[in-house]
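Single-structure report; data block below.
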Amino acid sequence: MMKLNINGRSMDVDVPSETPLLWTLRDELGMVGTKFGCGAGLCGSCTVHLDGTPIRSCVTPIAATAGKRVTTIERIEADPLGAAVQAAWISVNVPQCGYCQGGQIMSAVALLKRNPDPTDSDIDDAMSGNICRCGTYTRIRAAIKQVASERRSKA
């Protein structure tokens, strides 16, 4: 039995320590917002935060999360920045099919936390590895820039 901190709640799971975090979230805890894409950590659909850092949950064993905070897309709106990113996603009409968007949003929030005023190059670097099969990259960039602009105007 392992005790995990997921979305601010302590949860017990009974899975082998090498079980990927993704499958623990989806199969054991019913948190299906984090998606399975490639299974190799290359597409970004499974991105969650581990102590605030974006990670690929499909290749992260559950044992690596011991004593750390996991945040998933289900909880990101509780963070004011996460809520702002989600609002910008809607405002700019980013999603088409929406499958990758949880991972995209998690990566965008992490970027804006470490760099509140990213350049196009900063955005491209931070979002590389998050694949959108619908090709909404220009809208993703626009949404991130919108949040950065809104935050600057409030400062």
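The values are calculated or read from the model by the stated rules, or taken from the named source; none is laboratory data. No experiment lies behind these values; they were computed from the predicted model shown. When we count neighbours, we look across all protein chains shown, and the Cβ atoms used for this are built from the backbone with ideal geometry, even at glycine.
The table below lists the values:
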read-out: Tally, over segment 86-107, of residues that are part of a loop (DSSP other than H, G, I, E, B) and over 18 Å from residue 118 (Cβ atoms); value: 7
read-out: Given (1) surrounded by 18 or more Cβ atoms within 10 Å (Cβ to Cβ); (2) of a type in the set (Ser, Thr, Tyr); (3) within 15 Å of the chain's Cα centre (by Cα), index of the condition residue 53 fails; value: (1)
read-out: Flag for residue 85 being of a type outside the set (Gly, Ala, Ser) and over 14 Å from residue 47 (Cα atoms); value: yes
read-out: Single condition residue 83 does not satisfy, out of (1) in the same structural domain as residue 130 (by TED's automatic domain parsing); (2) crowded, with 21+ Cβ neighbours inside 10 Å; value: (2)
read-out: Given (1) at pLDDT below 95; (2) among the polar types (S, T, N, Q); (3) touching a His at 6+ places or on another chain (Cβ under 6 Å), index of the condition residue 71 fails; value: (1)
read-out: Pick from segment 116-131, criterion surrounded by 15 or more Cβ atoms within 10 Å (Cβ to Cβ) and outside any helix (DSSP H, G or I), ranking: modelled with the lowest pLDDT; value: 129
read-out: Qualifying residue in segment 77-89 (condition: modelled with pLDDT of 95 or more and more than 16 Å from the chain's Cα centre (by Cα)); value: no
read-out: Given (1) within 12 Å of the chain's Cα centre (by Cα); (2) surrounded by 15 or more Cβ atoms within 10 Å (Cβ to Cβ); (3) not assigned by TED's automatic domain parsing to the domain that holds residue 149, number of the condition residue 104 does not satisfy; value: (3)
read-out: Segment 107-149, residues that are over 17 Å from residue 93 (Cβ atoms) and among the charged types (D, E, K, R); value: 113, 114, 117, 120, 122, 124, 125
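Yes or no, residue by residue, for (1) closer than 29 Å to residue 27 by Cβ; (2) without any contact (Cβ under 8 Å) to a residue 24 or more places away in the chain; (3) touching a Lys or Arg at 6+ places or on another chain (Cβ under 9 Å):
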position: 44; (1), (2), (3): yes, no, yes
position: 65; (1), (2), (3): yes, no, no
position: 83; (1), (2), (3): yes, yes, no
position: 91; (1), (2), (3): no, no, no
position: 104; (1), (2), (3): yes, no, no
position: 123; (1), (2), (3): no, yes, yes
position: 131; (1), (2), (3): yes, no, no
position: 138; (1), (2), (3): no, yes, no
position: 149; (1), (2), (3): no, yes, no
